[in-house]
Amino acid sequence: MGPWHALLSYPKGGRAWIGWSQGLPPAGERLGGQAFLLLFREGPRMLLSAAPADAQAPTSMAMLPDLPATHHARKVLGHDLMRTPARIGAKYFYDQRGCELFEAITRLPEYYPTRTEKALLQARGADIARSVGPCTSLIELGAGNCEKVRLLLSALQPQCFVGVDVAGDFVQAAVERLAREFPGLEVCAVEADITAPVALPARIAAEGRLVFYPGSSIGNFDPDQSMTLLRQMRTLAGAGGGLLIGIDLPKDLQVLEAAYNDAAGVTAEFNRNVLRHVNQCLDSDFDPAQWAHVAFFNAAHSRMEMHLQALQAVQVRWPGGARAFAQGERIHTENSYKYPLPLFLQMLTQAGFKACKAWTDERDWFAVIHARA
Ligand code: AVI
């Protein structure tokens, strides 16, 4: 059993995280320094009640798999904040508010990747289906609301769609909506962090798998991590299967920088929101208003970078740590690699993929690639 934690919300707006790494924490054990009374049904994922022994019952509870609040993740977060320059892992963008802000980003006039990729999938769906051939299961990684796959289902006609996402309930609801819209399509939701090898239920046939990883999300990993991910995707696809992946290509500096510095300030808010999420996970006291959004293209690494820059001298504290930031000092929050197409095709080959076919839009801003496992 992997690490688990529960998020408890209390009537007066207080929140508490409790976490444990193996099996069931015994009822009444001291967790996170407080005595909690825990009642379970059918294993740790069915939490009936959890409350500090001497306090009001929480108004809501959520059981989550290994997400940011685990002990290990807190250690990594604290360690990353002590580095020079400090950094925060990009996964911390995606709390509830972060997901909403990202959705808003995808609709911004300056943020071209989402609409360019969608247009490509729509326009080239039939070509993609021809390249893929018979597809038994379509497996989307980081599926979220399963919006993009709608553009492919009619062309690919898979028997089964598998949505994989770290937000299990969210993806479960999304695949159920798909099943209603596409009668005859079997659906399955898998709650998993895609940075680790993903295990699918035994009923998902090993043959005819197409792994779908859209959105140029691969660009948010460093090249080494991307290679590991691509190898894992190849294993998941299996012999005879394939990968359909979206990547953002290098382009005009102005276009790139505008996409991450939108006029409405949504990306700036998305960037600053990471501090609220870190405060929740680490119990730190960042004040987002003390930080400015900075985004620029780093040509040497062919990547957009996002940072938060201290507007004044800032002192941040959290249990077991503290850091003083000088005015102008930055925290590195995101990289978004823009791979030239030939380089990315090479990476796919290095990861063990064979023949690749790529489609780009008329401006060569974005590519969708089909690679055979
Ligand atoms: C999710 N990912 C592909 C986005 C990107 O463009 O790297 C995240 C993002 N960051 C700022 N704007 C959008």
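Bear in mind these aren't lab numbers, they're just calculated from the coordinates by the rules spelled out. All values derive from a computational prediction rather than experimental measurement. Every residue, glycine as well, gets a Cβ built from its backbone with ideal geometry; the counts of neighbours run over all protein chains shown.
Descriptive notes on the structure:
- Bridgeable lysines around LYS148 (alpha carbons under 19 Å apart, same-chain partners fewer than 8 residues away excluded): LYS118.
- Label-to-label distance for GLU100 and HIS72 is 3.2 nm, based on points extended 7 Å past Cα in the beta-carbon direction.
- Sites LEU253 and ALA355, calculated FRET efficiency, Cβ-Cβ separation with R0 35 Å, nearest 0.05: 0.55
- Reach of LYS354 by Cα under 21 Å, taken over lysines that are not fewer than 8 positions away in the same chain: none
- ALA292/GLU181 FRET efficiency (R0 45 Å; Cβ-Cβ; nearest 0.05): 0.55
- Segment ASP224-ALA264, extension gain: residue separation times 0.36 nm, minus the distance between their alpha carbons: 11.0 nm
- The separation of segment 188-213 from segment 279-322, counted between C-alpha centres, amounts to 35 Å.
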